[in-house]
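The values are calculated or read from the model by the stated rules, or taken from the named source; none is laboratory data. Model, not experiment: these values are computed from the prediction. Here the Cβ is made from the backbone with ideal geometry for all residues, glycine too, and neighbour counts use every protein chain on show.
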Amino acid sequence: MVCKVCGRSIGNEEANYCEYCGTSLRNNTSINEGDNIKEQDYRSTEKKEVVPEENEKTISFGSWVATMLLPFIPFIGIFVYLVMMCIWAFGSDTPKTKKNWARASLVVGVVVFILFIFMMATTLMDILNSGVDLESYMNSYMNNYMK
């Protein structure tokens, strides 16, 4: 069964009301409100289209390319990129698509950074627990290569 108002498919064929929008699914059903009886108001049977917000700016291809190339600027690129990601993620005048992308990228970046730190710590602990004597290694290095 398909709701005539919201256009969604309803699994229960014997349902009286749409489980998504609450509209009566029976054509000749009336609703009692106290002593008043009103006929159910039916809207059009067409599906409602998702209309993008009018004030949302479209991000151009060149803007996306510049965004992706920003971290490759020598010396300062990665820092500028991180600052811009925060501005895009939490700024009020950033287009919604770029804001969502920046937020998702920051979350993924934090997760990757935490995993990297965890793996480095476990690797260092494995090296230290394996019985490697770092002091004798450093002494032999100094004796052999620093003469």
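Summary table
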| quantity | calculated |
| --- | --- |
| Single residue of the stretch 110-147 satisfying the filter (in a loop (DSSP other than H, G, I, E, B) and on the phi < 0 side of the Ramachandran plot) that is modelled with the highest pLDDT | S130 |
| Pair list, Cβ < 6 Å and 6+ apart or interchain, from the stretch 79-105 residues that are among the charged types (D, E, K, R) to residues that are not in a helix (DSSP H, G or I) | K96/E56; K98/I59 |
| Some residue of the stretch 124-147 being under 23 Å from Y81 (Cβ atoms) and surrounded by 10 or more Cβ atoms within 10 Å (Cβ to Cβ) | no |
| Scope the stretch 37-89; condition of a type in the set (F, W, Y) and modelled with pLDDT of 60 or more; matching residues | F61, W64, F72, F75, F79, Y81, W88 |
